[in-house]
Structure formats: C-alpha cells, structure tokens
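A.B. asks: There's a structure below that I have some questions on.
The values are calculated or read from the model by the stated rules, or taken from the named source; none is laboratory data. Fair warning: this is a prediction, and the values are worked out from it, not measured in the lab. So basically every Cβ, Gly included, is an ideal-geometry build from the backbone, and we count neighbours across all protein chains shown.
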Ligand SMILES: Nc1ncnc2c1ncn2[C@@H]1O[C@H](COP(=O)(O)OP(=O)(O)O)[C@@H](O)[C@H]1O
Ligand SMILES: [Mg+2]
C-alpha cells in the first residue's frame, strides 16, 4: 500500500539516503534495522515530507505523495511516531491525545470514545490524563506517543525506535501493544529498531540498512537465522 | 495623598497592561515562527492612523464602528504580511527576516506621512474625561485600557486552552515538526498568529491614541518597554509576558514618584538589564529558583525522597 522507489535524500551537501526502495502491504509489520546513523529515521522523515528527497518517488494507495506537505500526508492516513517520542511536554496528556486527532474532524463524542479506547489500551495514561506530558516517565511518554499516533485512526503507523532508553520490562509492554495494534486494530506497522532481535521476532518482513542503503531484505524468520545478520546485529 | 496613590496605581496598572499586550503581541509571533516582528511599533502606529485618520476623520464613522473596522483591517494586513514575509522567510537565516520586518516598519512609517500628513491626530470625544472616586481623578482612558486588556487576555486564554486551533498553536510553539506530524498545518497556524498579533497591535493603536496622540512615534516607547516586559517576565511565555508588563508598569509609576521624573523611562531599561544579568529567564526563572529552593529544603527535611 506504501511504496518508496529509489529515493535519494540529502542534508545540505551530505547524502543520507543513496537510492532506497521500500514497501509495506496491508496488515503487515515490517521492520527496519541498522546501526546508529544508517539513515532509518531519514527514510521515515522522507516518507512524511519532513525532509524532501532529491529524487525518487513515494506512492501511497497508487497516489504520488512525494511532494505533499506533512500535514496532508498525515491526513491520508500515514502516521509517524518519532524517535525520542516528541510529546508536547507542557500540554496535558489528554490534550496531547487530542492533538493526535488534529487531522480528523471528530465530534466531541467520538473524541471521548477514542480517549477511552486509548485509556483501555494504556491504563496508566488514564490516571495521568490531566498531568503535563513532560512529567511522565520515559515509558509512559512512549505509550502516550503511541496512543497519540493512533488517535487519527491511521492506516499505517511507523514507530521510530520505540524501545530506546526503556527498561526491558517496559520494552516488552511496548512491543506487546505494537503487535496488538497490528493484529487487533488491523493497522499496518513499520517498526524501526536498533534492537534487532525484538524487531525480527515482531515483524513479518525486515529491511537491513547500512550507510544510507538497504543491504538486505526478506522474511524476518529467514533473516533471524542468516549468519551475517546473526553476527552483525544479534551478537551471536 | 491617598488619592494620588490610587491614581498612580491605576495608571501604573493601565500602562502595565499596555506593555503586557505589546509583549503578548510579539511573543505570539516569536512562538509561531521563531522570528521577532521588528515592525510591531509601526503596526501599532498604523492601527492609530487607520482608526483616527481613516475611519473617524475620512469616513466619518462612529468611534465604535471605527474601532471594529480598524481591528478587522489590521487582521487582514496581518494575514498578508504572514504570506509575503513570515512564511517565506521563516526558514532563512534570521538576519533576512529581521531586515525584512525592519524595512516593513520603515515603509509604514514613511507611508503614514504621505497618507495621513505630518500633523499629529487626536480622536475627539474618545475615552476622554475623568472618573473621580475616593479623592482620585483617574483618566477614563486608563480605566478603559484595563477593561479592554483584561477582555483580550481572557479571550486569548480561552482560545489557547479550549479551542482546537488554539491548542494546535500552542503545540506549534513547542515543537513545529511534531506539530506537523499531528496533521497541523504550520503555515495556517502562522497566518492565524499574524492575524491575532496585528489585531492586538490595532487595539493598542486605538486605546493609546488618546494618551499619545496619533503620530509616527506614538508607539516607540511602549514597543521598547513591551519588549522589556517580555524579558522581565520570561521570553516566550504568554502568562510571563503579562506578569512582566504589570510589574514593569507599576514599578515604573512608583519610581516616577520616588525618583526625579526624568528617570522614569530609564527604570524599565534598568530593570530589564538587571533581569538579563541576574535572571535571564525573567520572573519565570525567579519562580523556578524559588521552587528549587523549596524542593531542596523539603528534601533536606526528608519529606520527599526522589
Ligand atoms: N538534521 C540533520 N542534519 C544533518 N545531518 C543529519 C540530520 N539528521 C541526520 N543526519 C545524518 O544523516 C545520517 C542518517 O541519520 P539518521 O537517519 O538519523 O540515522 P538513524 O535513524 O538510522 O540512526 C547520519 O549520518 C546523520 O548524521
Ligand atoms: Mg534514528
């Protein structure tokens, strides 16, 4: 449903993506793994129109979205939960959720229904709904960022390093919700991770990025037993 | 004596609100696109000229209709300036936008003489006269300034805390990329900001017209002092801007009694420099400092274990 063809993205004169192609189909979880600086976030930002590729094309449901402004891409149903969560620190938890639904014209009743859905999925957010988001712990902020992303009822949601800096027990919880989002809510998921083992076990397919290029792709179950992957990313 | 004191307090609060509105007006733009509007003094002046020179004098409209039309026209002008200056220049080097807004101010300044002539204009029967109570005579204009400012601040508070576009603008001021990722159209948000900011400038031009008369330099002092108010309160925060304005207005008026009158204007700038040296985050910084001290004391007493 989302297809990226051979995009090249620069920061000033530095080339961060040297012709990257990528696709995700309905109901898939696709992971992207790679070392720090490989270009994973840049690929996400290129899809969202936060940075502009110099060449190549991004197509969503058959429509070219390469040059659409970010807010229009969100309106089409693609949501990106950025690295470092980026919750609005001085805004309440519930207002953060409301902002997640900015691109949709929901009635107050629909909004309230959505809040309840999010609070059922992330009960700790409910207790803290009036608190400012900046006062939440790292794990809670990640939950909020995920819930905020779901508020617009997206068709694709892309998580950038959702496990970064979280305690292992919270990481399990986050991955559990990500699987739920895919399996129960039927949303396609792109999962960017440095934690290769978690990413490979959670996803159907996987792309491996190195220095701004995709160096390997395939079924996650195949890659997890691939010797070079084992050595480079799984430390085995 | 009591009467004089009351008089000073009322006029101090009124000027404080004027500085507060100036601080709010440019803080809005700063928050929305990270740029200072160096033409704001001349936008306030434009409000005064459109109100007295065009609406009242040339078109012969009533005071209230003139005020409404002026505010609407300034809002439209704000949208125009958003599209031709602030949106295209927000991602350029800061200097380019600084020069552009300074030039806009210059153009308006010269245009004012061409359009409305070099003689200062005075609105007739507008917020004139005095109230007398408790032995004090207070100019009506000061009382109206306080009322109008309180209404504007309350409306802004409602807008930012209760409405979707208002909350969106708050988020844009916190993190532009994250806001765009929520589906917020950052450009539209800049246009709305400029409209609001210029409308507030229009109101300032109208309500200060009876005090300063309408002339090219009518807003020079309040624009500078409004800037001081923002620094004193804590740059980038609306409530801090309002607090800074009120503190400045009152301190300045009291200083006017204690010190020789010529020092009155210097007080604002001295206060700003003191804050820059000792609390660069303004009153917000002072508040945080006091909170930290209290936290530390509590921790020492063992009441809080973090
Ligand atoms: N805003 C930026 N400006 C300049 N260079 C950047 C910027 N963001 C990322 N880069 C560079 O682009 C490359 C890819 O970064 P990134 O996409 O963040 O990698 P990853 O997400 O895989 O860690 C890195 O070399 C990084 O230094
Ligand atoms: Mg990254």
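A.B. asks: Does residue B:194 meet the test of being assigned to a helix (DSSP H, G or I) and within 12 Å of the chain's Cα centre (by Cα)?
C.D. replies: When the stated conditions are applied, residue B:194 does not pass them.
A.B. asks: Across region A:87-102, which residue is farthest from the other protein chains (Cβ to nearest Cβ) among those that are surrounded by 22 or more Cβ atoms within 10 Å (Cβ to Cβ) and part of a loop (DSSP other than H, G, I, E, B)?
C.D. replies: The qualifying residue farthest from the other protein chains (Cβ to nearest Cβ) is A:87.
A.B. asks: With the structure loaded, tell me whether residue B:248 is buried (at least 21 other Cβ atoms within 10 Å of the Cβ) and part of a helix (DSSP H, G or I) or whether it fails that test.
C.D. replies: Yes, satisfied.
A.B. asks: Can you tell me which residue is nearest to the other protein chains (Cβ to nearest Cβ) among those in region A:151-166 that are more than 11 Å from the chain's Cα centre (by Cα) and more than 13 Å from ligand 2 (Cβ to nearest atom)?
C.D. replies: My answer is A:152.
A.B. asks: Quick check on residue A:198: is it out of contact with any strand residue (DSSP E or B) (no Cβ under 6 Å at 6 or more places or on another chain), within 16 Å of ligand 2 (Cβ to nearest atom) and farther than 20 Å from residue A:26 by Cα?
C.D. replies: Judged against the criteria, residue A:198 is a match.
A.B. asks: On to the next question. From the residues in region B:30-48 that are within 14 Å of residue B:198 (Cα to Cα) and surrounded by fewer than 24 Cβ atoms within 10 Å (Cβ to Cβ), which one is modelled with the highest pLDDT?
C.D. replies: B:38
A.B. asks: Where the second residue is within 6 Å of ligand 1 (Cβ to nearest atom) and assigned to a helix (DSSP H, G or I) and the first is farther than 18 Å from residue A:178 by Cα and touching a residue at least 24 places away in the same chain (Cβ under 8 Å) and lies in region A:30-41, which pairs have Cβ atoms under 9 Å and are six or more apart or on separate chains?
C.D. replies: If the second residue must be within 6 Å of ligand 1 (Cβ to nearest atom) and assigned to a helix (DSSP H, G or I), the pairs left are A:34/A:40.
A.B. asks: Continuing with this model, one more query. Take residue A:184 and decide whether it is within 16 Å of ligand 2 (Cβ to nearest atom), within 30 Å of residue A:34 (Cβ to Cβ) and more than 14 Å from chain B (Cβ to nearest Cβ).
C.D. replies: No.
A.B. asks: Go through the residues of region A:3-23 one by one and say whether even a single one is farther than 15 Å from residue A:193 by Cα, assigned to a loop (DSSP other than H, G, I, E, B), more than 9 Å from ligand 1 (Cβ to nearest atom) and touching a strand residue (DSSP E or B) at 6+ places or on another chain (Cβ under 9 Å).
C.D. replies: no
A.B. asks: A further question follows. Could you tell me which residue of region A:1-39 is surrounded by the most Cβ atoms within 10 Å (Cβ to Cβ), considering only residues that are within 13 Å of ligand 2 (Cβ to nearest atom) and closer than 15 Å to residue A:189 by Cα?
C.D. replies: Across region A:1-39, the extreme among qualifying residues is A:33.
A.B. asks: Being out of contact with any helix residue (DSSP H, G or I) (no Cβ under 6 Å at 6 or more places or on another chain), assigned to a loop (DSSP other than H, G, I, E, B) and modelled with pLDDT of 95 or more: is that true of residue A:68 here?
C.D. replies: Against the criterion (out of contact with any helix residue (DSSP H, G or I) (no Cβ under 6 Å at 6 or more places or on another chain), assigned to a loop (DSSP other than H, G, I, E, B) and modelled with pLDDT of 95 or more), residue A:68 qualifies.
A.B. asks: Something else now. Identify the residue in region A:40-49 that is more than 10 Å from ligand 2 (Cβ to nearest atom), under 17 Å from residue A:149 (Cα atoms) and part of a helix (DSSP H, G or I) and, among all such residues, is farthest from the other protein chains (Cβ to nearest Cβ).
C.D. replies: In this case the residue turns out to be A:47.
A.B. asks: Quick check on region A:132-146. Is at least one of its residues within 14 Å of chain B (Cβ to nearest Cβ), part of a helix (DSSP H, G or I) and free of Cβ contacts under 8 Å to residues at least 24 places away in the same chain?
C.D. replies: yes
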